[in-house]
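The values are calculated or read from the model by the stated rules, or taken from the named source; none is laboratory data. Fair warning: this is a prediction, and the values are worked out from it, not measured in the lab. Backbone-built Cβ (ideal geometry, glycine too); neighbour counts: all protein chains shown. Side chains are part of the model used for accessible areas, which takes the heavy atoms of the whole protein and leaves out ligands, DNA and RNA. Shrake-Rupley method; radii C 1.70, N 1.55, O 1.52, S 1.80 Å.
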Amino acid sequence: MNIILSNGGARCPQRACPAADTAQRVGDNALHRLLWSLAAVSLALAAASLHAQSRDGLVVQQARNNNVQSRAKLSHYDPNLFDLSDLPEYKPEQEVSGTVRLWGNNYIADSYLGGYWETAFRRYHPNVHLDLSGMKSGLVATASLVTGAADIAANRHITFAELEGFERMFNYDPIEISMARGSPDIPGWMTTFCIFVNKANPTTHLTLKQLDGIYGTARDGGWEGTTWHPEAARSAKENIRTWGQLGLSGEWKDKPIHVYGLNLRYNNCDMFERTVFHGGDKWNENLREYANYSKPDGSLAIAANELMADLDHDPLGIGWSGIQNSTPQTRALAIAAQDGGPYVPVTIQTVHDRSYPLAFDMFFYVNRKPGQPLDPKVREFIRFVLSREGQQAVARDGKYLPLTAEVVREELKKLD
């Protein structure tokens, strides 16, 4: 049987028509050229996209800086939300003068908080100047104490390496003083950790021990400061790798848990380890890590957001992010510090009152030799920050949360 092709209206058997053969070869060549052209364009667009979506450290840093500056002057909650009347009123114990040098946490200087503190403190001590020029990054905070460049280092909780470096220089520990509570939902301002699942998953709550089983693995101990604690060890028998191990049944019972988290280079992971792993640093072998990058427009793609976008489509996933990144397809879990509860959701109130176990403080660190008094101007400034006026400034800035009176009482004892 001969196959008949159309060739400009003429009809002829395929094998017997040279014109048809020529037309088909020309058409095939044109199609091949078109396909190659489309492939080349696709490759070029992909290459351009990869180039534009930079993961280069300095490019990402610039995107981060822009992101911080865009939010630094905004207030995110009513400053009258918290009753601070039970915090002590600031009363100077002595008149001081000179410069108090703060280094570290850039968020104090980027926002209004540092300025609020200086203005209010100078009403009592007009001859004191607050130098915030070293407030560029928490990464330089401890180093500033070691080198003597700072009187006060402001930072998240000190890391093992930072503490060990200080100890090796001075053979004692710095004084650690809580200066504010981290934010429940503002990235950068020590945002609270939140655990999410896809809404198709029936799980509603977990304990810290269960989180250890999910995110961690067998370990031989854990660190508290620079002290090793073998009693923090646990075996692989405590690993939780399926949803059935968390009590789910039916189709969920044997399904694996897909674990999403932040890049382990980030200091957030150090705080997760300290709180959930008892200072251990061994993670689930199947952890999927996310890192920030710069988008084509130069804005910051935040790892915790990227994580949630993937969790949206994974009913078997569990993710560690911030409550501000919740989506209609995910559910934030209530977390209990102890087995059996109480299971506490993330709210601004539960972060402030410390009932939610994955929220954190921000700290001042000072270098004081044991048995020696603090520099008077440093002591007065820290007393001011821990007073009602100092914590009102925290609330007025509207990102960090003020401390409770109970915490303030304990922190003031450290100054004596």
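Residue by residue through segment 156-178, note down the ones that are over 21 Å from L374 (Cα atoms) and hydroxyl-bearing (S, T, Y).
Hit for segment 156-178 is T159, nothing else.
Pull up segment 366-416, narrow it to residues that are part of a loop (DSSP other than H, G, I, E, B) and among the charged types (D, E, K, R), then point me to the one that is least open to solvent (accessible area, probe 1.4 Å). Steps first, please.
The initial filter retains those residues of segment 366-416 that are part of a loop (DSSP other than H, G, I, E, B), namely 367-375, 386-387, 398-400, 402-404, 414-416.
If we keep only those that are among the charged types (D, E, K, R) too, we end up with 368-369, 375, 399, 414, 416.
Working: R368: 36, K369: 122, D375: 60, K399: 2, K414: 73, D416: 126 Å².
By that ranking, first place goes to K399.
Of the residues in segment 223-257, how many are open to solvent by 70 Å² or more (accessible area, probe 1.4 Å) and either in contact with a helix residue (DSSP H, G or I) (Cβ under 7 Å, 6 or more places away or on another chain) or under 30 Å from A301 (Cβ atoms) (or both)?
5
Just to verify a result, which residue in segment 193-217, among those that are in a loop (DSSP other than H, G, I, E, B) and closer than 18 Å to C269 by Cβ, is most open to solvent (accessible area, probe 1.4 Å)? Write out each step before concluding.
Initially, segment 193-217 is screened for residues in a loop (DSSP other than H, G, I, E, B), giving 193, 199-204, 217.
Narrowing further to those that are closer than 18 Å to C269 by Cβ: 193, 217.
Working: F193: 5, T217: 27 Å².
Residue satisfying both the conditions and the ranking: T217.
May I ask you to verify whether A153 is among the aliphatic types (A, V, I, L, M), part of a helix (DSSP H, G or I), touching a helix residue (DSSP H, G or I) at 6+ places or on another chain (Cβ under 7 Å) and surrounded by 14 or more Cβ atoms within 10 Å (Cβ to Cβ)? I'd like the intermediate steps shown before the answer.
Working: among the aliphatic types (A, V, I, L, M): yes; part of a helix (DSSP H, G or I): no; touching a helix residue (DSSP H, G or I) at 6+ places or on another chain (Cβ under 7 Å): yes; surrounded by 14 or more Cβ atoms within 10 Å (Cβ to Cβ): yes.
Here the answer is no, as A153 does not meet what is asked.
Could you tell me whether any residue of segment 401-410 is basic (K, R), modelled with pLDDT of 95 or more and within 30 Å of T147 (Cα to Cα)?
Of all residues in segment 401-410, those basic (K, R) come to 409.
After this cut, where a residue has to be modelled with pLDDT of 95 or more as well, the list is 409.
Okay, now just the ones that are also within 30 Å of T147 (Cα to Cα), so none.
The answer is no, given that none of the residues of segment 401-410 is basic (K, R), modelled with pLDDT of 95 or more and within 30 Å of T147 (Cα to Cα).
Restricting to segment 342-359, give me the number of residues that are open to solvent by less than 20 Å² (accessible area, probe 1.4 Å) and either in a loop (DSSP other than H, G, I, E, B) or modelled with pLDDT under 95 (or both).
3
With the structure loaded, tell me whether Q372 is without any contact (Cβ under 8 Å) to a residue 40 or more places away in the chain and not small (G, A, S) or whether it fails that test. Let's see the steps before the verdict.
Working: without any contact (Cβ under 8 Å) to a residue 40 or more places away in the chain: yes; not small (G, A, S): yes.
Judged against the criteria, Q372 is a match.
Is it fair to say V128 is within 23 Å of R71 (Cβ to Cβ) and touching a residue at least 24 places away in the same chain (Cβ under 8 Å)?
Answer is no for this residue.
From the list T203, T191, T217, T207, exactly one residue is touching an Asp or Glu at 6+ places or on another chain (Cβ under 9 Å) and closer than 19 Å to S326 by Cβ. Which is it?
T191
Could we say that A309 is open to solvent by 40 Å² or more (accessible area, probe 1.4 Å), within 21 Å of R64 (Cβ to Cβ) and part of a helix (DSSP H, G or I) here?
Numbers: open to solvent by 40 Å² or more (accessible area, probe 1.4 Å): yes; within 21 Å of R64 (Cβ to Cβ): yes; part of a helix (DSSP H, G or I): yes.
For A309, the condition - open to solvent by 40 Å² or more (accessible area, probe 1.4 Å), within 21 Å of R64 (Cβ to Cβ) and part of a helix (DSSP H, G or I) - is met.
Can you name every residue in segment 329-346 that is out of contact with any Phe, Trp or Tyr (no Cβ under 7 Å at 6 or more places or on another chain), closer than 21 Å to T191 by Cβ and free of Cβ contacts under 8 Å to residues at least 24 places away in the same chain?
Matches in segment 329-346: P345 only.
Can you pull out the residues in segment 108-124 that are of a type in the set (F, W, Y), open to solvent by 30 Å² or more (accessible area, probe 1.4 Å) and within 20 Å of D375 (Cα to Cα)?
Y124
Could you tell me how many of the residues in segment 49-107 are of a type in the set (D, E, K, R), under 19 Å from the mean Cα position of the chain (by Cα) and open to solvent by 90 Å² or more (accessible area, probe 1.4 Å)? I'd like the intermediate steps shown before the answer.
Pass one, segment 49-107, residues of a type in the set (D, E, K, R): 55-56, 64, 71, 73, 78, 83, 86, 89, 91, 93, 95, 101.
Right, trim to under 19 Å from the mean Cα position of the chain (by Cα) and you get 55, 64, 71.
After this cut, where a residue has to be open to solvent by 90 Å² or more (accessible area, probe 1.4 Å) as well, the list is 55.
Going through segment 49-107 one residue at a time, the tally reaches 1.
Could you grab the pairs with beta carbons closer than 8 Å, sequence gap of 6+ or different chains, first residue in segment 210-232 and within 12 Å of W283 (Cβ to Cβ), second one part of a strand (DSSP E or B) and open to solvent by 10 Å² or more (accessible area, probe 1.4 Å)?
D212/R234; Y215/W283; G216/R234; G216/W283; T217/W283; A218/R234; R219/R234
For segment 106-121, how many residues meet the condition of being closer than 19 Å to R383 by Cα and either touching a Lys or Arg at 6+ places or on another chain (Cβ under 9 Å) or among the hydrophobic types (A, V, I, L, M, F, W, C) (or both)? Don't jump to the end; show me each part of the working.
The initial filter retains those residues of segment 106-121 that are closer than 19 Å to R383 by Cα, namely 108, 113-121.
Imposing the further condition that a residue be either touching a Lys or Arg at 6+ places or on another chain (Cβ under 9 Å) or among the hydrophobic types (A, V, I, L, M, F, W, C) (or both) reduces the set to 108, 113, 116-117, 120-121.
Matching residues across segment 106-121 total 6.
From the list A332, A337, which residue is farther than 30 Å from H125 by Cβ, open to solvent by 10 Å² or more (accessible area, probe 1.4 Å), in contact with a Leu (Cβ under 7 Å, 6 or more places away or on another chain) and at pLDDT 95 or above?
That would be A337, the only listed residue that is farther than 30 Å from H125 by Cβ, open to solvent by 10 Å² or more (accessible area, probe 1.4 Å), in contact with a Leu (Cβ under 7 Å, 6 or more places away or on another chain) and at pLDDT 95 or above.
Filter segment 287-302 for residues that are under 29 Å from G244 (Cα atoms) and crowded, with 21+ Cβ neighbours inside 10 Å and give the result. Give the derivation first.
Step one: list which residues in segment 287-302 are under 29 Å from G244 (Cα atoms), which gives 287-290.
Selection gives Y290 alone.
What pairs come out if I take residues in segment 257-277 that are closer than 19 Å to G222 by Cβ and pair them with residues that are open to solvent by 20 Å² or more (accessible area, probe 1.4 Å) and assigned to a helix (DSSP H, G or I) whose C-beta lies under 6 Å away, six or more apart or interchain?
Listed by first residue and then by second, the contacts come to V276/L208.
Pick out the one residue from T142, T159, T147 that is of a type in the set (S, T, N, Q) and either surrounded by fewer than 14 Cβ atoms within 10 Å (Cβ to Cβ) or touching a Cys at 6+ places or on another chain (Cβ under 9 Å) (or both).
On the way: T142 fails: either surrounded by fewer than 14 Cβ atoms within 10 Å (Cβ to Cβ) or touching a Cys at 6+ places or on another chain (Cβ under 9 Å) (or both); T159 fails: either surrounded by fewer than 14 Cβ atoms within 10 Å (Cβ to Cβ) or touching a Cys at 6+ places or on another chain (Cβ under 9 Å) (or both).
Result of the check over T142, T159, T147: T147.
Enumerate the helices (runs of 4 or more DSSP H) found wholly within segment 23-138, keeping only those where 2 or more residues are at pLDDT below 90. Spell out how you get there, then give the answer.
Working: elements: 57-71, 106-110, 113-124.
It comes to 57-71.
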